[in-house]
Amino acid sequence: MPGTFRVTIDGSRLRFAAAHMATFGGRCEPLHGHNYAVSVEVEGELTADGWVWDFGDLRGIASGIIEELDHRFLLQQESALLRATVRGDSYELCAGERSYVLPRSDVVSLPVDNTTAERLAEWIAGRLHTALRAKGATNIRRLAVGVEEMPGQSGWYTVG
Ligand SMILES: [Zn+2]
């Protein structure tokens with residue numbers, strides 16, 4: 001009977017802590033943070049060795065991407081509500097009547113319109129997909145990333 005193979009990873013190396021201000025209904029949330037937890041699912045045909053993909057390698061790629069977000073402010077660079085201006089070594093953020101100045105090194109600027117768990121999952125999945133393709137992963141048919149913002153609340157994105 002034909003079936004599908006899938007490997008999944010999650011756990012301590014796939015966690016990150018970050019600050020953000022998501023926007024919702026035309027308003028910007030106050031500055032706050034989350035301890036995020038990321039899960040990755042990869043589906044595909046088995047290689048000649050009987051793997052979908054090596055767990056250690058997958059974990060290494062994913063944790064490298066997630067590390068870029070750890071202990072940073074997550075900036076949605078395509079937001080219409082949260083305006084960000086670079087001035088020297090700082091980011092000036094304007095959210096309605098509130099404004100903030102953050103060191104540039106504390107900010108990761110993401111090509112998204114909002115820093116929801118769904119958009120973060122989409123960004124991580126895109127980066128992971130690109131990295132796996134670069135490693136010659138032609139057997140992978142589907143890749144899904146889940147970003148848990150707090151226990152019991154996750155946003156997912158699936159490529160393929
Ligand atoms: Zn939040």
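Things worth noting here:
- Placing R0 at 41 angstrom, the Cβ-Cβ distance between Arg6 and Arg27 gives a FRET efficiency of 0.60 after rounding to 0.05.
- Packing rank of 40-50, 135-145, where each peptide gets the mean count of other beta carbons within 10 Å, highest leading: 135-145, 40-50
- For region 1-130, size of Cβ-based charge dipole, Lys and Arg +1, Asp and Glu -1, in debye: 460
- Positive dipole terminus of region 46-86, leading residue within Val52, Gly64, Thr85 (C-beta point charges): Thr85
- Contour minus Cα-Cα distance for Arg142 and Leu46 (0.36 nm per residue): 33.3 nm
- The GluC sites (Glu not before Pro) of region 76-141 that DSSP puts in a loop, and whose beta carbon has at most 16 other beta carbons within 10 Å, are Glu78, Glu97.
- Alpha-carbon centroid distance for the pair region 116-134 / region 7-62, whole angstrom: 8
- Linear extension gain, Asp89 paired with Trp156, 0.36 nm per residue minus alpha-carbon span: 20.8 nm
- Long-range Cα-Cα pairs in region 35-160 (distance over 23 Å), rounded percent: 40
- Residues whose amide H falls under 5 Å from that of Tyr91, counting only those 5 or more places apart or on a different chain, are Leu102, Arg104, with hydrogens built in the peptide plane.
No lab work stands behind these numbers, since they all come straight from the coordinates. These figures come from a predicted structure and were not determined experimentally. Here the Cβ is made from the backbone with ideal geometry for all residues, glycine too, and neighbour counts use every protein chain on show.
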